[in-house]
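Before any comments, here is the structure.
The values are calculated or read from the model by the stated rules, or taken from the named source; none is laboratory data. Bear in mind that the values here come from a model prediction, so they are computed numbers and not experimental data. Heads up, the Cβs are rebuilt from the backbone with ideal geometry, glycines too, and the neighbour counts pull from every protein chain shown.
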Amino acid sequence: MPYYYFSTEVSINGRVIRAEIKYCYIRNIDDGSELPCTLKGKFKLDYRQKKEKLTTTDVIVVGDTVAYDDLGDGTGLITSIHPRENYLARKAPKIKGAGKRGERFEQILAANIDQFFVVVSADQPQFNNKTLDRFLITGDSSHIPTHVVINKIDLIEDDAFDFWPALYEDLGYECYMTSIQAPKSLRALREKLQGKISLFWGPSGVGKSSILNELFPELCLRTETVSDFSNKGRHTTTGVYMYTPSGDTFVIDTPGVREIEPYGIKKEDLAHYFTEFVPYINECKYNRCTHEHEPGCAIMEAVEQGEISPERYDSYARLLATIEDDLYF
């Protein structure tokens, strides 16, 4: 977690709605006014001096609550960053040419979130349950209430797809089946957002911004069609932004990603984030069972008996292999 500073000066409480290299844009909690602010030099100095002891590359992120002073020239100065109630993070993408060590830091997306919506599409780009599972574990491991939005349901032509929402609902996730071609499909999602700070994240091209435009037309977020050549999404949101459609409702739009890896999960703990595995974990023959090859593994037996879906177990095995290869765990 970052280091925090508290000023004895009279300051204004605000929330970070956008963070850029030069300015952080702050929304005043009391009157809703917005002001570009800079950080006090001691934030950056302390960060540089202690960077090797930190697990994050971010000093301040969208959603952080701060105290700031209005300088009277159209800008402000952030004097303190308040402790975070929670935050959502992933492993930073690999940097080409950076070598095997030092490139996989924690990358914080946003902080102080009430609920996290993983947005995927039924098609264009094609639904991928393994990617969805990685996003869900990212949210669950951050202890943020996490929900599923399956968008573009108008593209579904086969009833067999019903398997997926049923699977995740059985696991305890709220599933919202949406399409901007059918505005009524968004009603339940709109109600869920009221009075909350909600973050939308998922793969590129699944329609996060399109959903937000349909829910809140005044946002006018830029959208783009999926590439016909690759059937993969194109990035349209270029940064993390917090919007305020109404006084007590906040939505955070994020750039789509091509890959996602949860941060800070050890391989011996991964099974605990697969809800259906939990009843079987203590029944394994070995205490440090990885649930991959050991004899007497209760989870593998549950898969064979149809009590755990093979699709979810395959997601677990693939993610476990990624963690085992990571030098940080």
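A few notes on this one:
- Of the numbered criteria (1) exposed (fewer than 12 other Cβ atoms within 10 Å of the Cβ); (2) modelled with pLDDT of 95 or more; (3) assigned to a loop (DSSP other than H, G, I, E, B), the one Phe229 fails is (2).
- Only listed residue being modelled with pLDDT of 95 or more and either more than 22 Å from the chain's Cα centre (by Cα) or among the aromatic types (Phe, Trp, Tyr) (or both), chosen from Pro310, Pro295: Pro310
- Each residue in region 193-222 was checked for being within 18 Å of Leu88 (Cβ to Cβ), of a type in the set (Val, Ile, Thr) and assigned to a helix (DSSP H, G or I), and 0 pass.
- Filtering region 29-59 to residues that are modelled with pLDDT of 90 or more and either at positive phi or assigned to a loop (DSSP other than H, G, I, E, B) (or both) leaves Ile29, Asp30, Asp31, Gly32, Ser33.
- Some residue of region 244-253 being closer than 28 Å to Asp114 by Cα, of a type in the set (Phe, Trp, Tyr) and at pLDDT 95 or above: yes
This table checks each residue for (1) among the polar types (S, T, N, Q); (2) surrounded by 16 or more Cβ atoms within 10 Å (Cβ to Cβ); (3) outside the structural domain of Tyr313 (by TED's automatic domain parsing); (4) part of a helix (DSSP H, G or I).
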| residue | (1), (2), (3), (4) |
| --- | --- |
| Gln124 | yes, yes, yes, no |
| Thr131 | yes, yes, yes, yes |
| Glu157 | no, no, yes, no |
| Leu186 | no, yes, yes, yes |
| Glu191 | no, no, yes, yes |
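- Residues satisfying the criterion are absent from region 268-280 (criterion: farther than 29 Å from Tyr87 by Cα, at pLDDT below 95 and over 24 Å from the mean Cα position of the chain (by Cα)).
- Of residues in region 170-184 being among the small types (Gly, Ala, Ser) and surrounded by fewer than 16 Cβ atoms within 10 Å (Cβ to Cβ), the one farthest from His147 (Cα to Cα): Ala182
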